[in-house]
């Protein structure tokens, strides 16, 4: 069996493709270690290809993926064709899911998160190369461990994790404080991504 080390990226190809291109720039310029399949390589063929042909090829890519990343923008929750289908397949294949909030939130955005994954096991992060790389390196193993414990629902990295990655600027701390009330309305689980760190529940 081939070793699965690919990352499947799903996103709104009409509105959020520039974020995907920025991820490619991170890979080239910052020398990050992740590789990923572009689910939208087939965009050019979608006008002439059947939906069955497209989903067959996307399914092959998903079967070779280790992790599923979904870029969550303003319209992602409303997409019901390929993006929703990709999320369905990721769940069916039990792929570790990383939800990347394009609006900068560091936890699940209950307003924008696609309903199909809202209550599923997934970790949510902001759109930034450092935390994305960290999640790609740590979440798959954590996902497998939590699955064995029959855990579900949204997870996120504690604020200390961002600080350790150099993402604790005053501006970001202020934004986190402004959003704390939204976070408090819906209890979410989180973990500090250090070895042997206990899982905790927000109060």
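Computed values, structure above
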item: Residue 68 vs. criteria surrounded by 20 or more Cβ atoms within 10 Å (Cβ to Cβ), within 17 Å of residue 157 (Cα to Cα) and in contact (Cβ under 8 Å) with a residue 40 or more places away in the chain; result: no
item: Residue in segment 39-52 that is modelled with pLDDT under 75 and surrounded by 21 or more Cβ atoms within 10 Å (Cβ to Cβ) present; result: yes
item: Index of the failed condition, residue 82 passing every other in (1) modelled with pLDDT under 95; (2) buried (at least 18 other Cβ atoms within 10 Å of the Cβ); (3) out of contact with any helix residue (DSSP H, G or I) (no Cβ under 9 Å at 6 or more places or on another chain); result: (3)
item: Selection status of residue 30, more than 21 Å from residue 115 (Cα to Cα) and modelled with pLDDT of 75 or more; result: no
item: Strands (runs of 3 or more DSSP E) enclosed by segment 100-203 - at least 1 residues per element that are closer than 24 Å to residue 76 by Cβ and at pLDDT 95 or above; result: 122-126, 154-156
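The values are calculated or read from the model by the stated rules, or taken from the named source; none is laboratory data. Because the structure is a prediction, the values reported are computed rather than measured. Positions of Cβ are backbone-derived with ideal geometry, glycine not excepted, and every protein chain shown enters the neighbour counts.
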